[in-house]
1. Quick check on residue 44: is it surrounded by fewer than 16 Cβ atoms within 10 Å (Cβ to Cβ) and either β-branched (Val, Ile, Thr) or not assigned by TED's automatic domain parsing to the domain that holds residue 107 (or both)?
2. If only one of 47, 71 is closer than 15 Å to residue 105 by Cβ and either in contact with a Phe, Trp or Tyr (Cβ under 8 Å, 6 or more places away or on another chain) or of a type in the set (A, V, I, L, M, F, W, C) (or both), which one is it?
3. Taking the range 78-112 as the search range and keeping residues that are free of Cβ contacts under 8 Å to residues at least 60 places away in the same chain and among the charged types (D, E, K, R), which one is nearest to residue 66 (Cα to Cα)?
4. Sort out which residues of the range 57-67 are touching a residue at least 12 places away in the same chain (Cβ under 8 Å) and more than 28 Å from residue 110 (Cα to Cα), and write them in order of number.
5. Does the range 37-79 hold any residues that are of a type in the set (Asp, Glu) and more than 17 Å from residue 123 (Cβ to Cβ), and which are they?
6. Of all residues in the range 80-89, which are under 20 Å from residue 125 (Cα atoms) and of a type in the set (Ser, Thr, Tyr)?
7. What number of residues within the range 178-188 satisfy the criterion of being surrounded by 12 or more Cβ atoms within 10 Å (Cβ to Cβ) and modelled with pLDDT of 85 or more?
Amino acid sequence: MSSRLALTNAYSYVLEGATGFQAGAFQYDAVADRWDWSDDVYEIHGFTRGEIVPTTKLVLAHKHPDDRAPFEAVLRNALTGGSPVVSHHRIVDAHGATRYIMMVAEGTYSTSGDVIGLSGYFIDLTAVREHETRAVADEAVARSAEHRGIIEQAKGWLMATRGVDAEAAFTILSEISQSSNTKLFAVAEALIHHVEAESVPAAGRNSRPVASTTGSR
């Protein structure tokens, strides 16, 4: 597979069926240290075309401090071998906002076959990441509410059967949790399952048989 085809496939894979992000193309001339950005890349970095002149120094200045060195390493590798590369990193745009970026790029070549630059795309995944983060947070809140409900059920059962108040019931559950090295929710859930399992045969024993409506009179 050619590097151009590999890059095209990588970019197509990212775009396939995906929404909610911004992507723009770039060309980098390593000989002149000149970056050519599409309007989308300017916007991703918080600029408009003509406001600044993209250089490697500016590109690196907008990388998140923790991601700058890894990005430089990816850049060096791409310029050394020319093979397609992918970089996931953060940038800090002109307005001070942190954005989550994926760069896919490959080398461009001179007529003699030397790598003289890069061609690729910057893809802003911030909106996608924030959506996923919100989904995870919503799930955590829902799970927390469910856990609280189970714990309250277990406390209620202890209060009814042990004749203790809510604080004492919670203390009992906490002591079992600590002594067994088990999460409080798991202790409460196991107790509720045990109570429910015990209640089924009890109900069966207390129920009266249904009289038959068939047979001789």
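1. So residue 44 fails the test.
2. On the way: 47 fails: closer than 15 Å to residue 105 by Cβ.
Being closer than 15 Å to residue 105 by Cβ and either in contact with a Phe, Trp or Tyr (Cβ under 8 Å, 6 or more places away or on another chain) or of a type in the set (A, V, I, L, M, F, W, C) (or both) holds for just one of 47, 71, which is 71.
3. Applying the first criterion (free of Cβ contacts under 8 Å to residues at least 60 places away in the same chain) to the range 78-112 yields 78-81, 85, 87-101, 103, 109-112.
After this cut, where a residue has to be among the charged types (D, E, K, R) as well, the list is 90, 93, 99.
Values: 90: 8, 93: 15, 99: 13 Å.
Among those residues, the one meeting the criterion is 90.
4. 62, 63, 64, 66, 67 - these are the residues of the range 57-67 that are touching a residue at least 12 places away in the same chain (Cβ under 8 Å) and more than 28 Å from residue 110 (Cα to Cα).
5. Residues satisfying the conditions are 51, 66, 72.
6. To start, the set of residues in the range 80-89 that are under 20 Å from residue 125 (Cα atoms) comprises 84-89.
Within the range 80-89, just 87 meets the criteria.
7. Of the residues in that region, 3 qualify.
Okay, residues lined up against (1) more than 27 Å from residue 114 (Cβ to Cβ); (2) of a type in the set (Gly, Ala, Ser); (3) modelled with pLDDT under 95:
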{"site": "13", "(1), (2), (3)": "yes, no, yes"}
{"site": "17", "(1), (2), (3)": "yes, yes, yes"}
{"site": "33", "(1), (2), (3)": "no, no, yes"}
{"site": "42", "(1), (2), (3)": "yes, no, no"}
{"site": "47", "(1), (2), (3)": "yes, no, no"}
{"site": "50", "(1), (2), (3)": "yes, yes, yes"}
{"site": "53", "(1), (2), (3)": "no, no, yes"}
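The values are calculated or read from the model by the stated rules, or taken from the named source; none is laboratory data. If you're wondering where the values come from, they're calculated on a predicted model, not measured in any experiment. In this analysis, Cβ positions are derived from the backbone assuming ideal geometry, glycine residues included, and neighbour counts consider all displayed protein chains.
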